[in-house]
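Let me begin by presenting the structure, written as structure tokens, before commenting on it.
The values are calculated or read from the model by the stated rules, or taken from the named source; none is laboratory data. Bear in mind the structure is a predicted one, so any value in this text is a computation, not a measurement. For neighbour counting, all protein chains shown are included, and Cβ atoms are generated from backbone atoms with ideal geometry for every residue, glycine included.
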């Protein structure tokens, strides 16, 4: 299905009177605090986040998966769903593909279809954490780290093929996440595993086009629970430094041990010019892949505060990170879940833009802990919904995306088009 401009305009028309009052009041508050709210609104309006191809169907757990009607059964339908998200939000204009779950078998046709839906291609994602049908060797005991050179060659070749697909689609980056690790002491030689991984990554890195980037993702546990070959940002940073200027670390918010200070990691990576990408989600216990901002909205705000500071003090020339949602839940409509995540990301970004950085630095220079904390609280407690609504209006999107999704009865339309039994490819 496709959402038209007339449908969006009609939905927005009913909200304009109330929105004008709310936006004017918010603008007065900001101007009284010396904040240019039009500038903040334009920054939010320019912010876009990629949608992963695997998040458009119902998620699941190792215990089971509960189907959701109207799921996209192929890559074309996934791109159509992202087109719906982009029409409603104005901030979801790219897809991040996972290979081989979503191989673009006819790249010219896929490109035409994506263009018709207004969608481009963000980072490509490789998969060496599961064996594919007919695979000659197994990743059961690792991929890029494997003791068998043949397995390593297979994993390296897969990553090279993913890059080649991305070149055809106009992508500019490869994300590498490894499930490699061990479940028992003695199972793995830590040093040899890391050395093998570095060598394998070098072979992949050498295949990158000159204008591409490699993002190295880390995770402290799962699927292996005694050790992971790339368990933390330090190991990812080490590998990126060894590889070269086109290699960066990727931060997934769920890939940290409980209570990890993620905002400090973000600050350090930006200071060293090695923050390449971001996977947004939320969690209570681990890599829960919950809706962004559903559990720890204040932490998300603090992370964006460090990002905004990094953008404004970019002595290391850190590139603008590749933004992507990596959420997959099993009890929500996946499209509503993604719209909620986009809203949470924009909320945290808008509030971070409202932080009085001068006052914050002044309080920090005086060791005035209470004043510094109050500066952050003032921005966090600000109601930025009028800013977000105005940003969406300026993008030609729905001012209230979730409400628009329900008013337009999108899910039932998708069920009528695709049926109630179709299962999304990938997860």
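Please determine, by comparing only the residues of segment 177-202 that are crowded, with 20+ Cβ neighbours inside 10 Å and part of a loop (DSSP other than H, G, I, E, B), which one is farthest from the chain's Cα centre (by Cα).
Here is the first cut: in segment 177-202, the residues crowded, with 20+ Cβ neighbours inside 10 Å are 177-178, 180-182, 188, 193, 196-197, 200-201.
When the remaining residues are screened for being part of a loop (DSSP other than H, G, I, E, B), the result is 177-178, 180, 188.
Working: 177: 14, 178: 17, 180: 22, 188: 31 Å.
Going through the qualifying residues, I end up with 188.
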When every residue in segment 277-306 that is touching a helix residue (DSSP H, G or I) at 6+ places or on another chain (Cβ under 9 Å) and part of a loop (DSSP other than H, G, I, E, B) is compared, the one surrounded by the fewest Cβ atoms within 10 Å (Cβ to Cβ) is 294
I'd like the residue in segment 329-367 that is in a helix (DSSP H, G or I) and in contact with a strand residue (DSSP E or B) (Cβ under 7 Å, 6 or more places away or on another chain) and, out of all such residues, is nearest to residue 33 (Cα to Cα).
345
Given (1) surrounded by fewer than 18 Cβ atoms within 10 Å (Cβ to Cβ); (2) over 24 Å from the mean Cα position of the chain (by Cα); (3) part of a loop (DSSP other than H, G, I, E, B), where does residue 222 come up short, assuming only one miss?
(2)
Here are the criteria: (1) touching a helix residue (DSSP H, G or I) at 6+ places or on another chain (Cβ under 9 Å); (2) under 22 Å from residue 97 (Cα atoms); (3) in a helix (DSSP H, G or I). Tell me which single one residue 209 does not satisfy.
(3)
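Is it the case that residue 130 is surrounded by fewer than 16 Cβ atoms within 10 Å (Cβ to Cβ), out of contact with any helix residue (DSSP H, G or I) (no Cβ under 6 Å at 6 or more places or on another chain) and in a loop (DSSP other than H, G, I, E, B)? Explain how you work it out, then say what you get.
Numbers: surrounded by fewer than 16 Cβ atoms within 10 Å (Cβ to Cβ): yes; out of contact with any helix residue (DSSP H, G or I) (no Cβ under 6 Å at 6 or more places or on another chain): yes; in a loop (DSSP other than H, G, I, E, B): yes.
So residue 130 passes the test.
Residues checked against (1) within 30 Å of residue 188 (Cβ to Cβ); (2) surrounded by fewer than 20 Cβ atoms within 10 Å (Cβ to Cβ):
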position: 47; (1), (2): no, yes
position: 52; (1), (2): yes, no
position: 62; (1), (2): yes, yes
position: 65; (1), (2): no, yes
position: 76; (1), (2): no, yes
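Let's see how each residue does on (1) without any contact (Cβ under 8 Å) to a residue 12 or more places away in the chain; (2) farther than 20 Å from residue 405 by Cβ:
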| site | (1), (2) |
| --- | --- |
| 38 | yes, yes |
| 50 | no, no |
| 55 | no, no |
| 58 | no, no |
| 65 | no, yes |
| 77 | no, no |
| 84 | no, no |
| 88 | no, no |
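Applying the selection to segment 272-291, what residues are farther than 15 Å from residue 236 by Cβ and touching a residue at least 12 places away in the same chain (Cβ under 8 Å)?
280, 281, 282, 283, 285, 286, 287, 288, 289, 290, 291
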Residue 174 vs. criteria touching a strand residue (DSSP E or B) at 6+ places or on another chain (Cβ under 9 Å), in a helix (DSSP H, G or I) and at negative phi:
no
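Which one of these is crowded, with 20+ Cβ neighbours inside 10 Å, more than 26 Å from the chain's Cα centre (by Cα), farther than 28 Å from residue 99 by Cα and modelled with pLDDT of 95 or more: 355, 369, 375, 384?
Values: 355 fails: more than 26 Å from the chain's Cα centre (by Cα); 369 fails: crowded, with 20+ Cβ neighbours inside 10 Å; 384 fails: more than 26 Å from the chain's Cα centre (by Cα).
From the options 355, 369, 375, 384, the qualifying one is 375.
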Go through segment 1-65 and tell me which helices (runs of 4 or more DSSP H), entirely inside it, have 2 or more residues that are closer than 30 Å to residue 122 by Cα.
5-13, 37-45
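Do the conditions hold for residue 70, that is, is it surrounded by 16 or more Cβ atoms within 10 Å (Cβ to Cβ) and part of a loop (DSSP other than H, G, I, E, B)?
When the stated conditions are applied, residue 70 passes them.
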Of the residues 147, 151, only one is part of a loop (DSSP other than H, G, I, E, B) and under 19 Å from residue 191 (Cα atoms); which?
147
Which numbered condition in (1) over 28 Å from residue 280 (Cα atoms); (2) modelled with pLDDT under 95; (3) crowded, with 19+ Cβ neighbours inside 10 Å is the only one that residue 424 fails?
(1)
Only one of (1) assigned to a helix (DSSP H, G or I); (2) within 18 Å of the chain's Cα centre (by Cα); (3) under 27 Å from residue 4 (Cβ atoms) is not met by residue 95, so which one is it?
(1)
